[in-house]
Amino acid sequence: MKINYLRKGENMSREQVKIKCIGMDEEGKGIVKIKGKEVHVPNLIDGETAVVEVLCQRNFINAKVIRIEEKSEYRVEPKCKYFNKCGGCQLQHLSLEGQRKFKQKSVEKLMKQYHKVNEIIMMEKPYFYRNKVHSTLAYDKNGKIISGIYEENTHNVIPIEECIIQDRRADEIIASICKIMRVHKMKPYNEDTGQGFLRHILVKTGFASNQIMVVLVVSSQIFPGKNNFVRELLKKHPEITTIVMNVNDRKTSMVLGNVEKVLFGKGYIEDTLCNCVFQISPKSFYQVNPIQTEVLYNKAIDMAKLKGNEAVLDAYCGIGTISLIVSSKVKNVIGVELNKDAVKDAIKNAKRNKITNAFFYNDDASDFMVSLAMKKQNVDVVFMDPPRSGSDEKFLSSLVRLSPKKVIYISCNPVTQERDIKFLTKHSYKVEEIQPVDMFPATGHVECVTLMSRVEK
């Protein structure tokens with residue numbers, strides 16, 4: 001089958017072709033070959049045959065599924081009505097077994113060259129797990145205030161009433177805020193015009209504590225009728241623990257600004273993870289899936305086989321989760337984190353848990369590693385949990401120079417993790433164990449913790 005359309009005056013064509021999927025990329029998109037080029041197609045599973053619409057413009061080729069003709073045994077009907085629109089859960093069309101196989105294969109493809117990969121640890125009940133919910137405000141075409149997330153690769157807001165991977169309480173609170181906005185004639189912020197007041201709503205929930213934080217990201221420090229707004233929100237949702245106003249008056253894609261004002265409560269919530277209590281502020285990083293986070297961190301600490309006399313460095317430490325959890329098992333821990341708000345929380349968390357052998361520094365992890373290496377400071381074990389972009393050569397070179405006996409590398413992006421591991425294996429380290437953990441069910445993402453040990457010369 002082939003249907004061609006050529007727009008007058010444009011070097012563009014559309015056609016429908018029958019194609020077979022030959023694999024899947026790390027995001028869960030199907031891989032097909034079109035005109036000799038590899039094209040990645042959403043909602044297509046390895047081995048399936050489908051009719052796709054192909055858009056060709058100059059050297060660019062894009063494709064979308066029209067219909068599936070030969071289905072994979074792992075294809076299921078997505079549970080979410082927003083699938084194919086929001087782009088948040090790329091794998092809802094895959095069964096849980098299909099997701100397990102896909103993620104296991106993805107990690108093995110990258111990592112098997114270094115060591116056999118353990119079976120991925122899946123989540124028993126993979127729904128409503130996200131403890132952090134971010135919603136953007138906008139008007140729909142009828143002028144009604146809506147809340148939701150941006151459609152993939154656009155600035156169009158898709159209204160979301162219920163998300164199957166995030167805390168249900170957050171959905172209810174966000175819906176109430178939209179209703180209160182309409183009553184108060186409060187306008188959502190428009191990124192294009194710079195007009196409007198409420199930009200984003202951020203809801204953080206404590207899994208163990210049941211505490212709830214609501215962050216209202218606004219465009220101005222002047223909040224007309226804020227007392228009445230807060231009063232009405234608390235009347236509808238007395239379960240809310242604290243409400244914070246965050247001011248972002250810049251034309252930026254960044255969600256949070258620098259100025260904060262507590263409108264109700266303490267301005268933070270607490271939650272318990274691996275028997276430690278953590279303070280969570282609006283800007284601090286905290287893993288979004290607390291159930292699987294405990295699995296991940298316990299596995300990472302077990303890998304280290306600590307004896308109690310080790311000096312430990314926790315790089316990219318955030319609010320000090322790993323540092324404080326591991327502190328009872330070692331001589332001392334040094335945590336380093338670039339986010340100053342997270343470091344403040346880490347210090348408070350140490351005091352909150354009466355931990356005296358954990359010390360935190362606000363610094364770039366790479367620069368900090370350089371200074372430690374220059375001082376020839378003794379470090380036995382390094383836990384590192386960098387952002388999705390991974391580490392950099394400055395950090396890795398200093399790590400090699402510091403020469404800890406063990407490195408436990410936790411990553412939310414196996415692609416950059418593999419890149420960094422390649423560097424370390426060329427510089428006196430070998431991989432001892434690789435453990436994938438499904439931290440993000442229904443998405444293409446997978447967490448992976450890897451144990452590396454120094455090769456003795």
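The values are calculated or read from the model by the stated rules, or taken from the named source; none is laboratory data. Everything numeric here is computed off the predicted structure, so don't read it as measured data. Because the Cβ atoms are built from the backbone with ideal geometry, glycine has one as well, and the counts that use them run over all protein chains shown.
List the helices (runs of 4 or more DSSP H) that sit entirely inside the range 345-427 and contain at least 3 residues that are more than 28 Å from Val107 (Cα to Cα) and out of contact with any Gly (no Cβ under 8 Å at 6 or more places or on another chain).
Working: elements: 365-374, 393-402, 414-425.
Passing ranges, in order: 365-374.
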(Q) If Ser403 satisfies all but one of (1) out of contact with any His (no Cβ under 7 Å at 6 or more places or on another chain); (2) on the phi < 0 side of the Ramachandran plot, what's the number of the condition it fails? (A) (2)
Q: Would you please name the residue that is surrounded by the fewest Cβ atoms within 10 Å (Cβ to Cβ), looking only at residues in the range 269-310 that are among the hydroxyl-bearing types (Ser, Thr, Tyr) and within 16 Å of Thr205 (Cα to Cα)?
A: Thr272
**Q.** Search result, residues across the range 284-307 that are at pLDDT 95 or above, aliphatic (A, V, I, L, M) and not in a helix (DSSP H, G or I)
**A.** Leu306
Q: Name the single residue, out of those in the range 311-323 being among the β-branched types (Val, Ile, Thr) and under 19 Å from the mean Cα position of the chain (by Cα), that is surrounded by the fewest Cβ atoms within 10 Å (Cβ to Cβ).
A: Thr321
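Mind checking which residues of the range 308-344 are among the basic types (Lys, Arg) and modelled with pLDDT under 95?
Lys340, Lys344
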**Q.** Cβ pairs under 7 Å, 6+ apart, first in the range 204-220 and in contact (Cβ under 8 Å) with a residue 12 or more places away in the chain and not assigned by TED's automatic domain parsing to the domain that holds Lys251, second surrounded by fewer than 24 Cβ atoms within 10 Å (Cβ to Cβ) and not in a strand (DSSP E or B)
**A.** none
Q. If you scan the range 367-383, which residues turn out to be under 20 Å from Ile421 (Cβ atoms) and in contact with a Ser or Thr (Cβ under 7 Å, 6 or more places away or on another chain)?
A. Met369, Ala373
Q: Filter the range 115-141 for residues that are surrounded by fewer than 18 Cβ atoms within 10 Å (Cβ to Cβ) and more than 20 Å from the chain's Cα centre (by Cα) and give the result.
A: His115, Lys116, Asn118, Glu119, Tyr139, Asp140, Lys141
**Q.** Boolean, Leu263 is in the same structural domain as Val183 (by TED's automatic domain parsing) and touching a helix residue (DSSP H, G or I) at 6+ places or on another chain (Cβ under 6 Å)
**A.** yes
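How many of the residues making up the range 151-168 are out of contact with any strand residue (DSSP E or B) (no Cβ under 6 Å at 6 or more places or on another chain) and either basic (Lys, Arg) or surrounded by fewer than 17 Cβ atoms within 10 Å (Cβ to Cβ) (or both)?
So the first thing to find is which residues in the range 151-168 are out of contact with any strand residue (DSSP E or B) (no Cβ under 6 Å at 6 or more places or on another chain), and the list is 152-156, 161-164, 168.
With the extra rule that they be either basic (Lys, Arg) or surrounded by fewer than 17 Cβ atoms within 10 Å (Cβ to Cβ) (or both), the set shrinks to 152-156, 161-162, 168.
Residues that pass the stated criteria total 8.
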Q: Scan the range 256-266 for residues that are crowded, with 16+ Cβ neighbours inside 10 Å and either under 25 Å from the mean Cα position of the chain (by Cα) or not in a strand (DSSP E or B) (or both) and jot them down.
A: Leu256, Gly257, Glu260, Gly265
Q. Of all residues in the range 437-457, which are under 14 Å from the mean Cα position of the chain (by Cα) and more than 18 Å from Pro387 (Cα to Cα)?
A. Pro441, Ala442
**Q.** Subset of the range 92-134 [over 16 Å from Val437 (Cβ atoms) and hydrophobic (A, V, I, L, M, F, W, C)]
**A.** Leu94, Phe128, Val133
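Please state which one of Phe264, Phe278 is more than 26 Å from Ser327 (Cβ to Cβ) and either at pLDDT 95 or above or hydrophobic (A, V, I, L, M, F, W, C) (or both).
Details: Phe278 fails: more than 26 Å from Ser327 (Cβ to Cβ).
Answer to the selection: Phe264.
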(Q) Contact list please: Cβ distance under 6 Å, first residue in the range 329-348 and charged (D, E, K, R), second residue surrounded by fewer than 21 Cβ atoms within 10 Å (Cβ to Cβ) and in a strand (DSSP E or B), pairs at least six apart or on different chains. (A) Lys331/Ala311; Lys340/Asn362
